[in-house]
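One structure, pasted below without further comment.
What follows draws every value from the coordinates through simple rules; no lab data is involved. Only a predicted model underlies this, so the values are computations on that prediction, with no experimental measurement involved. FYI the Cβ positions are ideal-geometry reconstructions off the backbone, even for glycines, and counts take in every protein chain you see.
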Amino acid sequence: MELKETTLAYNVVVLSEEQKSTDIDWNQLVTSDAQAVLIRLSHGITQDSEASVHIANAKNAGLQVHGYHEYEGVDGEVPFSLNNGVDLGLAQGAYMFLKNAPTDSVLGFANNWLSAGWKIGVNAVQEDYYQWISNSDEPEIYDLWQFDDAHAFDSSGKLLLDPVDPNPTIDSSTPSSPKAGAYVGFGNDTSGLLGGESLGYSTDGINFYAAITPFGIIFRENDAERMSKLLVNKLKLQSPNGTVFNLSINDDGVLSAVKEGDDSGTDGTN
């Protein structure tokens, strides 16, 4: 499908596999004041067949790149949309939109996409997100108004700006000592962990370290150091018949296994 000409002002072009890359005149788009593209990256659990080519061409033309996922209500859709967007290289700080999804499904996508550093939009009127409205007539409420198959107007200009990485470079395994601004609460991990919003902490008010996540409890190296000190002289093994032995080691490296409640022990080596 070739892009139709329009007399209305636009600054964003909306693309999918419906628009073949060979049919798009990128120089003409730039000349016509297009500054950003919104590309369908996936639908259901399928990658849009033109997504990677559209992204490459848009970058070559100097346009800002944002993405969207078209909801189909199939199993595995949330993680697929996340992993697919990451694989296609959607930049942190770019917008990722959800199209045609019921309202109660948005939060699950949003929480996971936030973990990739994307800003969130929806193809609906929902004040919590960037609102992409498709209508031939200008709607009363919108942030992005798409008025035909491929042309749209971004009223605030947020899609036209360089994406800003919300996650600063940090050491993911050894958080710094607490300083002004440190807190415990809910947030999205800045060390690269996925999984959406989690309970965790920040030692500086900027970097956030997830502790309790959908994947379980997260332990880091400094946690292991603290736990190892607590475990000194408290290691135990249980024999097949249920007998418990306390383990210890002397300065010569000799390991002792002492039956719990017994003063005598059995010496041995690892």
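Between residue 251 and residue 86, what is the FRET efficiency for a Förster distance of 41 Å, r being their Cβ-Cβ separation, to the nearest 0.05? Could the numbers behind the result be given before it?
Details: r = 51 Å, r/R0 = 1.24.
Using R0 = 41 Å, I get an efficiency of 0.20.
Can you give the FRET efficiency to the nearest 0.05 for residue 46 and residue 184, using r as the Cβ-Cβ distance and R₀ = 30 Å? The partial results should precede the final answer.
Details: r = 40 Å, r/R0 = 1.34.
The value I calculate is 0.15.
Moving on. How far is helix 51-60 tilted off the main Cα axis of the chain, in degrees rounded to 10, range 0 to 90?
Once rounded, one gets 70 degrees.
Pairs to check: 179/234; 20/119; 59/179; 119/179; 99/179; 158/179. Give those whose C-alpha atoms are more than 31 Å from each other in this structure. Present the calculation step by step, with values, prior to reporting the outcome.
Numbers: 179/234 33 Å; 20/119 27 Å; 59/179 40 Å; 119/179 28 Å; 99/179 42 Å; 158/179 33 Å.
The answer is 179/234; 59/179; 99/179; 158/179.
Continuing with this model, one more query. Whole number please: convex hull volume per residue of the Cα set in the stretch 1-118, in Å³?
Working: hull volume 12.3 nm³, N = 118.
Per residue, the Cα convex hull of the stretch 1-118 comes to 105 Å³.
Could you check the simple spin-label distance between residue 136 and residue 72, using points 7 Å along Cα→Cβ, in nm with one decimal?
It is 2.9 nm.
For the chain, take the longest principal axis of its alpha carbons; what is the angle in degrees between that and the long axis of helix 221-231, to the nearest 10 within 0 to 90?
That helix lies at roughly 20 degrees to the long axis.
Which FRET efficiency value, to the nearest 0.05, is calculated for residue 18 and residue 204 with the Förster distance at 30 angstrom and r the Cβ-Cβ distance? Write out the running numbers ahead of the final one.
On the way: r = 46 Å, r/R0 = 1.55.
Computed FRET efficiency for residue 18 and residue 204 comes out at 0.05.
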